[in-house]
Amino acid sequence: MDPLAARQLGELMPKVFASLPGGQRERLGSYLERVRAGLPTAPAEDGAMNQLMNGAIRALPDPNQKRLQEIIQGAIELGLLP
């Protein structure tokens, strides 16, 4: 990932989390920590966290949503994300 995309991702993710109520923010944060650590997650939890993350992203202004999508797509193409 290029430095600009990494910086922008670092700026956008707090905005994604900020759109969530406290309990949901904590659940998503805990889930993402486990994913980053390579720990197993349950399919039902994966689906729930996917929905939660999608809702949080949709709460962003359109330009931020678009840029986040571009960054994630780039990371997938680089093999950084599944």
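Readers should treat all values here as calculations from the given coordinates under stated rules, not as data from a laboratory. All values reported here derive from a predicted model rather than from experimental measurement. Neighbour counts are summed over all protein chains in view; Cβ atoms, including those assigned to glycine, are modelled from backbone coordinates with ideal geometry.
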(request) Could you look through the range 42-56, keep only residues that are out of contact with any helix residue (DSSP H, G or I) (no Cβ under 6 Å at 6 or more places or on another chain) and within 21 Å of residue 80 (Cβ to Cβ), and pick out the one that is surrounded by the most Cβ atoms within 10 Å (Cβ to Cβ)? (result) 53
(message) Looking only at the range 12-37, how many residues end up being surrounded by 11 or more Cβ atoms within 10 Å (Cβ to Cβ), more than 16 Å from residue 58 (Cβ to Cβ) and not hydroxyl-bearing (Ser, Thr, Tyr)?
(response) 6
(message) Looking at the range 40-68 only, could you name the residues that are among the polar types (S, T, N, Q) and farther than 16 Å from residue 17 by Cα?
(response) 41
